[in-house]
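The values are calculated or read from the model by the stated rules, or taken from the named source; none is laboratory data. Everything quoted here is computed from the prediction, not taken from an experiment. Cβ placement follows ideal geometry from the backbone for every residue including glycine, while neighbour counts extend to all protein chains displayed.
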């Protein structure tokens with residue numbers, strides 16, 4: 001929850017405006033039941049008359065009414081009314097404010113009721129409720145208006161039209177406020193999602209291999225998509241409902257209390273039932289929310305693995321096993337989501353039962369109070385409306401409570417990636433490689449172990465790679481060849497010793513300067529969706545067409561490129577799925593060559609090439625890249641026999657160092673590798 005709210009801090013100004021708009025929405029929405037109440041009580045029942053003092057009265061009726069008044073009341077009454085003219089038999093009420101009329105209602109209610117009962121020929125009702133007395137007083141005012149010749153229907157229509165206009169204005173205000181809240185909350189939610197994606201991706205791009213090993217690729221994809229979507233959606237809901245729902249609830253409770261309908265016990269019972277229901281549901285569902293994102297990660301991991309390895313799966317006829325793995329992950333997520341959804345969906349019908357139960361209860365209690373004259377129909381209607389607002393506010397709070405836990409977990413997972421600091425960074429004071437650097441690379445007693453590991457992968461590694469020369473690294477699988485070359489561009493940092501480039505420790509150089517001096521070709525040729533030209537230009541974006549072509553020629557890629565209809569503009573699908581492994585390797589080599597780097601690193605990059613292409617490529621590299629220091633990791637001795645220096649690794653240590661002939665005489669491990677790959681005639685020919 002902390003990380004979820006932290007995302008809102010940059011938008012605190014907009015959030016404040018949204019909160020103000022939601023308070024305004026709650027204020028306007030509370031007006032509607034109030035207007036409904038007066039339209040029923042005053043507009044319909046009382047025919048638009050709000051007070052017991054008639055707007056006009058005949059002189060005869062006024063004289064009869066004065067008989068029921070005290071002396072002071074009669075004197076004041078004469079000041080309240082005036083004749084239309086000297087001969088008129090009609091008295092009209094002088095302009096009086098609503099506040100004073102309300103006070104006069106209380107003062108004149110008794111004489112007016114006595115006169116009204118006398119006029120109807122009924123006995124005085126001493127046990128009538130205040131609401132009934134007020135209704136009878138207004139009925140008398142309506143009768144007086146009719147006897148004085150006033151158009152009571154026009155009065156009623158005028159009042160109804162006035163209230164209708166007020167309700168329309170309030171509704172339009174609510175629509176305006178809701179539109180503003182929706183616009184601003186959507187904007188904030190989308191902006192937060194955009195910024196989170198940007199921060200997450202930017203930080204992942206800075207990760208070294210050590211940080212990348214902390215997160216599965218499928219998990220990073222889930223965090224960048226599903227988790228951020230959860231945060232975005234919940235943020236919008238949070239802004240729309242976070243203050244609105246509590247405001248509506250509190251305001252409705254206050255209005256219920258102010259109405260003095262003496263039915264507060266109904267609301268208290270309903271709210272208690274809602275709290276109990278929500279408490280039970282959330283205690284059951286919350287534990288499932290916490291594991292949902294992990295199950296999404298697991299499903300994505302299985303899906304990615306199966307889709308990536310689909311060819312191998314088909315080749316071995318293991319489709320059923322792959323489907324079984326996917327089905328298990330899918331069903332685990334399905335069962336979790338089904339349980340949560342069933343628990344949460346059951347909340348809506350339960351709340352509806354409580355809501356309609358409250359309506360029936362309120363109507364039943366109110367009917368008795370209306371019968372006793374203690375309540376009017378409009379008051380009951382308004383009370384029901386406020387009760388429904390309270391229930392709906394809890395429904396909104398409940399819907400938020402459904403999404404917030406999952407979004408909070410998602411926000412924590414996103415923050416975990418964003419707040420993970422890469423261990424490979426520039427130091428405070430850094431050096432850039434001089435423009436005239438030669439590319440002399442030196443390993444000085446280098447050791448390395450992975451973070452958290454106890455054993456060293458590499459130990460006591462010392463050698464030099466001179467400009468213009470080729471240093472080959474060979475050894476058994478898992479001996480540390482790839483780890484060794486990954487230390488040069490600082491994909492990992494050495495644990496002990498140092499690596500220097502032209503006398504400068506690579507850790508003291510800026511990453512940009514260091515990696516600009518290196519052309520790296522990984523074991524697996526990685527292609528990006530686009531064209532052949534755009535893939536080669538990954539090494540040097542501003543390269544000319546001639547430079548691209550020359551790099552392709554050196555990498556022996558121009559031959560297959562020229563056979564394509566669109567040449568260098570031929571499309572490359574994602575991952576290079578539409579070209580062969582050897583073609584991907586050659587394009588990867590071209591991408592490294594186009595940089596014209598000081599150091600070229602080939603991590604087993606010739607494995608998919610045939611011997612003829614391999615020979616041509618090595619010859620072209622020797623001619624065109626003669627000034628670069630070249631490091632070649634290889635499995636085949638035939639690829640590295642011409643190297644000026646060969647490093648033989650065994651269990652992370654140097655077991656032999658020298659050229660091919662020297663190692664054939666001094667290194668048994670190298671000799672065993674040679675015997676396993678070369679014929680006796682080839683070995684003897686080379687030795688001689």
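A single member of 411, 387 is crowded, with 22+ Cβ neighbours inside 10 Å, in a helix (DSSP H, G or I) and modelled with pLDDT under 80, and it is 387. Among the residues of segment 34-90, those that are under 23 Å from residue 117 (Cα atoms), within 60 Å of the chain's Cα centre (by Cα) and outside any loop (DSSP other than H, G, I, E, B) comprise 41, 42, 44, 45.
Selection within segment 557-597: residues that are part of a loop (DSSP other than H, G, I, E, B) and within 40 Å of the chain's Cα centre (by Cα). The member of this set that is nearest to residue 543 (Cα to Cα) is 595. Among the residues of segment 432-450, just one is under 29 Å from residue 213 (Cβ atoms) and exposed (fewer than 14 other Cβ atoms within 10 Å of the Cβ), namely 445. Listed here are the helices (runs of 4 or more DSSP H) enclosed by segment 189-307 that have at least 3 residues being under 23 Å from the mean Cα position of the chain (by Cα), surrounded by 14 or more Cβ atoms within 10 Å (Cβ to Cβ) and in the same structural domain as residue 319 (by TED's automatic domain parsing): 217-222, 228-241. Within segment 154-188, the set of residues being under 30 Å from residue 418 (Cβ atoms), touching a helix residue (DSSP H, G or I) at 6+ places or on another chain (Cβ under 8 Å) and surrounded by fewer than 18 Cβ atoms within 10 Å (Cβ to Cβ) comprises 182, 186, 187. All of 525, 539 fail the test of being in contact with a strand residue (DSSP E or B) (Cβ under 8 Å, 6 or more places away or on another chain), modelled with pLDDT under 90 and buried (at least 21 other Cβ atoms within 10 Å of the Cβ), apart from 539. Restricting attention to segment 613-638, the residues that are surrounded by 18 or more Cβ atoms within 10 Å (Cβ to Cβ), touching a helix residue (DSSP H, G or I) at 6+ places or on another chain (Cβ under 8 Å) and touching a residue at least 60 places away in the same chain (Cβ under 8 Å) add up to 9.
Could you please let me know if residue 473 is in the same structural domain as residue 296 (by TED's automatic domain parsing), buried (at least 19 other Cβ atoms within 10 Å of the Cβ) and outside any loop (DSSP other than H, G, I, E, B)? Considered against the rule, which asks whether it is in the same structural domain as residue 296 (by TED's automatic domain parsing), buried (at least 19 other Cβ atoms within 10 Å of the Cβ) and outside any loop (DSSP other than H, G, I, E, B), residue 473 comes out as no. Please tell me if residue 351 is closer than 30 Å to residue 296 by Cα and touching a residue at least 40 places away in the same chain (Cβ under 8 Å). No; evaluated as a whole, the condition is false for this residue.
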